[in-house]
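First the structure, in the form of structure tokens, and then the observations on it.
The values are calculated or read from the model by the stated rules, or taken from the named source; none is laboratory data. Quick caveat, the model's predicted, so the values are computed rather than measured. Heads up, the Cβs are rebuilt from the backbone with ideal geometry, glycines too, and the neighbour counts pull from every protein chain shown. Ligands, DNA and RNA are stripped out before the accessible areas are found, and what is left, the full protein with its side chains, is counted by its heavy atoms. Shrake-Rupley method; radii C 1.70, N 1.55, O 1.52, S 1.80 Å.
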Amino acid sequence: MASRKAARGKASSKQNQRSSSNVFSMFEQSQIQEFKEAFGCIDQNRDGIISKQDLKETFMQLGKLNTSDEELEEMLKEGKGPMNFTVFLSLFGEKLNGSDPEETILNAFKLFDPQGTGHVKKDEFKRLLMTQADKFSADEVEQMFAVTPIDVAGNIDYKSLCYIITHGDEKEEA
């Protein structure tokens, strides 16, 4: 799962650097179709652009009658331009494919490194991943370990792993 998140985070940052038309490569065709349907429901006047009035009418249909113009304008500002389907899809790509900031991930690892060595034991980390919170499968753990810096003593360099999660793995680019 972490390797999937690392790959997603890497893909997300690469897509942000490319033209917005590459946003379509971030999703499966079925997902794009679902986003098109959602876009069509929000684009009340069917002009291909989501406007403040489109959002207001959509919220009213959903029973939220007191949405302020300021709230609607803030939503539209996230698109940094007219909210056509490509911009709409890009916003979802950024929201869905982002990862936590590197500092947040480092702080989480530091909880398992009371001596501050910059390392956690691979076996203990594997046990935690497979038994706590969003439990990883054995396959997901092995996928993650394939891109994880592990020394001969079985220690994970979590600072390097955090970098991979937030910036991508250079080995994957080859």
Review point. Per the 1.4 Å probe, what fraction of the accessible area of the stretch 102-167, in percent, lies on carbon and sulfur atoms?
Key: 54
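Let me make sure I get this right: for the stretch 102-167, a, b and c are the square roots of the gyration tensor eigenvalues over alpha carbons, sorted descending. Under 1.5 in a/c it's rounded, otherwise prolate if a/b > b/c, else oblate. Which is it? Numbers along the way, then the final one.
Details: a/c = 1.28, a/b = 1.27, b/c = 1.01.
Rounded, since a/c falls under 1.5.
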Review point. How long is the gain from T67 to D47 if the chain were fully straight, where each residue apart is worth 0.36 nm and the alpha carbon distance is subtracted?
Key: 5.0 nm
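Which value, in debye to the nearest 20, gives the size of the charge dipole of the stretch 26-96 about its Cα centre, when Lys and Arg are +1 and Asp and Glu are -1 at the Cβ?
Numbers: 8 positive and 14 negative charges, 15 e Å.
Around 80 debye, computed over the stretch 26-96.
Going by average Cβ neighbours within 10 Å, how do the peptides 72-85, 47-60, 29-42 rank, with the highest at the top?
Order by mean packing, descending: 47-60, 72-85, 29-42.
Gain in length, E78 to Q29, computed as 0.36 nm per residue apart minus the alpha-carbon separation, to one decimal in nm? Each step should come with its number before you reach the end.
Numbers: separation 49, 0.36 × 49 = 17.64 nm, distance 2.42 nm.
Extending this stretch completely gives an extra 15.2 nm.
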Review point. Of K36/K95; K77/K110; K110/K135, which pairs sit farther than 26 Å apart, going by alpha carbon to alpha carbon?
Key: K77/K110
Review point. Within the accessible area of the stretch 26-96, what % is carbon and sulfur when the probe is 1.4 Å and the other protein chains stay in place?
Key: 54
